[in-house]
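Handing you this structure, nothing more for now.
The numbers here are math on the coordinates, done by the rules we state, and not lab data. The model shown is predicted, which means the values in this text are computed figures rather than measured ones. Note that we place each Cβ from the backbone using ideal geometry, even for glycine, and neighbour counts take in every protein chain shown.
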Ligand SMILES: NC(=O)c1ccc[n+]([C@@H]2O[C@H](COP(=O)([O-])OP(=O)(O)OC[C@H]3O[C@@H](n4cnc5c(N)ncnc54)[C@H](OP(=O)(O)O)[C@@H]3O)[C@@H](O)[C@H]2O)c1
């Protein structure tokens, strides 16, 4: 378990990723540029970006102005399924917009519904890794059968699977499958977009430590070896979300958070997404 924001976890390919990250979805222009800069100023070292977020130029501005060299950051981006026939071109756009020379990790953002395209995209990603354009090759929203198919075809597992994970939606079987294969779990929507603020079970735990429910949930992720990537545009919350390294949840408290599981997915069905209109 990481003990601070910048402590790293070693991936199956030998590269290292900070055990806590900063999400960049659904914020634009100076708001996200400032948020990225503030996150780094407050100790975050992993920036979670994606072509689909439509804001990489601003994220890149934040990275350029944060005062920390890329060599000390972990810059991750994701390729959208509409570019699975031209992954290199898509990654070159990521580099240009983010103003970096390489990506620390590139993920296939969704499995998509076209298996041939998905496999072709993964193969292109592996070639970009050989060239050093990306350092680590991972996926997001991939299910067990889709991971197995990659392994059958290429004889390796992606080193990351970024999934919707939070107390109401823990994807336990898939998470265990990934752990057994040394596929690092990254939790997106780790605080369920603020949905736990009034949760009574979490409030009871939070009050014992003088923490917020968001902090309890983020601590729960890190104690499970999962990398959470909360997003906020506000400096007070950027700080709050990172201030989770001075308390330890007991086994009973971890179990109480575990008990909130209710198959409460907030995002999309990975077998059906993205729809045709998002493939243009
Ligand atoms: N791979 C994928 O398919 C995928 C899908 C979704 C997201 N992601 C990644 O995961 C990141 C995080 O997920 P997310 O943005 O969906 O959700 P999230 O991080 O769980 O929640 C972000 C929302 O919660 C609010 N918030 C932040 N800190 C808070 C706090 N301490 N208390 C109460 N509310 C708080 C934020 O508002 P303010 O900004 O106003 O503070 C924002 O509206 C994304 O930004 C993106 O990088 C990946």
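Across the range 199-230, what is the number of residues that are over 21 Å from residue 8 (Cβ atoms) and buried (at least 17 other Cβ atoms within 10 Å of the Cβ)?
Keep residues of the range 199-230 that are over 21 Å from residue 8 (Cβ atoms), which gives 199-217.
From what's left, buried (at least 17 other Cβ atoms within 10 Å of the Cβ): 199, 202, 205-206, 211-217.
The number of residues fulfilling the criteria is 11.
Of 249, 174, which residue is over 21 Å from residue 45 (Cα atoms), in a loop (DSSP other than H, G, I, E, B) and away from the ligand (no atom under 13 Å from the Cβ)?
249
Return the total of residues in the range 78-106 being under 20 Å from residue 33 (Cβ atoms) and in contact (Cβ under 8 Å) with a residue 40 or more places away in the chain.
7
Test residue 149 against the stated conditions and say whether it is more than 17 Å from residue 17 (Cβ to Cβ), part of a helix (DSSP H, G or I) and either under 17 Å from the mean Cα position of the chain (by Cα) or within 13 Å of the ligand (Cβ to nearest atom) (or both).
So residue 149 does not fit the description; no.
Working only within the range 25-41, note down all residues that are surrounded by fewer than 22 Cβ atoms within 10 Å (Cβ to Cβ) and within 13 Å of the ligand (Cβ to nearest atom).
Hits for the range 25-41 are 25, 26, 27, 28, 31, 34, 38.
Give the range 254-265 a look and list any residue that's part of a loop (DSSP other than H, G, I, E, B) and exposed (fewer than 13 other Cβ atoms within 10 Å of the Cβ), or say none.
259, 262, 263
I'm checking my understanding of the structure. Among residues of the range 107-123 that are touching a residue at least 40 places away in the same chain (Cβ under 8 Å) and outside any strand (DSSP E or B), which one is nearest to residue 88 (Cα to Cα)?
It comes out as 121.
Run residue 193 past the list (1) touching a residue at least 12 places away in the same chain (Cβ under 8 Å); (2) under 22 Å from residue 78 (Cα atoms); (3) more than 9 Å from the ligand (Cβ to nearest atom); (4) not in a loop (DSSP other than H, G, I, E, B) and report the number of the one that doesn't hold.
Of everything listed in (1) touching a residue at least 12 places away in the same chain (Cβ under 8 Å); (2) under 22 Å from residue 78 (Cα atoms); (3) more than 9 Å from the ligand (Cβ to nearest atom); (4) not in a loop (DSSP other than H, G, I, E, B), residue 193 misses just condition (3).
Kindly indicate the residue of the range 92-112 that is buried (at least 18 other Cβ atoms within 10 Å of the Cβ) and out of contact with any helix residue (DSSP H, G or I) (no Cβ under 8 Å at 6 or more places or on another chain) and also farthest from residue 147 (Cα to Cα) among those meeting that condition.
The residue in question is 95.
Against the condition at positive phi, away from the ligand (no atom under 12 Å from the Cβ) and surrounded by fewer than 16 Cβ atoms within 10 Å (Cβ to Cβ), how does residue 132 come out, does it pass?
yes
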